[in-house]
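To start, the structure itself, in structure tokens.
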């Protein structure tokens, strides 16, 4: 039986307390709920908390988690997946200049 092949693995700190981790595998058979040959997990971790994640969990298929919101993700390839994730990372970093998630702040990030 064929084995999974690592396509990409990266862990990079973008701030002292914030890092991204990307792991993508080519798998011999699709993960249940997905229709492609990849198993992946891309995460943005801030202060030990996962604030953004793209993944394809068995049975749920391709998903995007942003804070407490979870939604289906339209997977079109690993390059687009990585680009979409990094775009969301850039947006989160812009919205959270101190490195904290707005949802975790008492004022919900509203600084007016």
**Item:** On Cα atoms only, tilt of 78-95 relative to the major axis of the chain in degrees
**Value:** 10 degrees
**Prompt:** By how many nm would the segment from residue 83 to residue 37 lengthen if fully extended, with 0.36 nm per residue of separation less the alpha-carbon distance?
**Reply:** 14.7 nm
**Message:** I need the calculated FRET efficiency for the pair residue 65 and residue 4, taking r as the beta carbon distance and R₀ as 30 Å, to the nearest 0.05.
**Reply:** 0.85
**Prompt:** Could you state the principal axis extents of the C-alpha atoms in the chain, from the largest down, to the nearest angstrom?
**Reply:** 56, 25, 21
**Request:** Quick one: order 49, 14, 89, 31 by neighbouring beta-carbon count within 10 Å, fewest to most.
**Result:** 49, 14, 89, 31
**Message:** Per DSSP helix of 4 or more residues, -39500 (n - 2.57); summed, then divided by the residues of the chain. What does that give at 222 nm, rounded to the nearest 500?
**Reply:** -5500 deg cm²/dmol
**Item:** Inter-site label distance for residue 98 and residue 15 at 7 Å from Cα along Cβ, in nm
**Value:** 1.0 nm
**Asked** Contour minus end-to-end for residue 76 and residue 49, with contour as 0.36 nm per residue of separation and end-to-end as the Cα-Cα distance?
**Response** 7.0 nm
**Prompt:** Each label point is 7 Å from the Cα along the Cα-to-Cβ direction; what then is the distance between the points at residue 57 and residue 30, in nm?
**Reply:** 2.0 nm
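We did not get these values from a lab; they are worked out from the coordinates using the rules stated. Bear in mind that the values here come from a model prediction, so they are computed numbers and not experimental data. Using ideal geometry, Cβ is built from the backbone for each residue, glycine included, and neighbour counts are taken over all protein chains shown.
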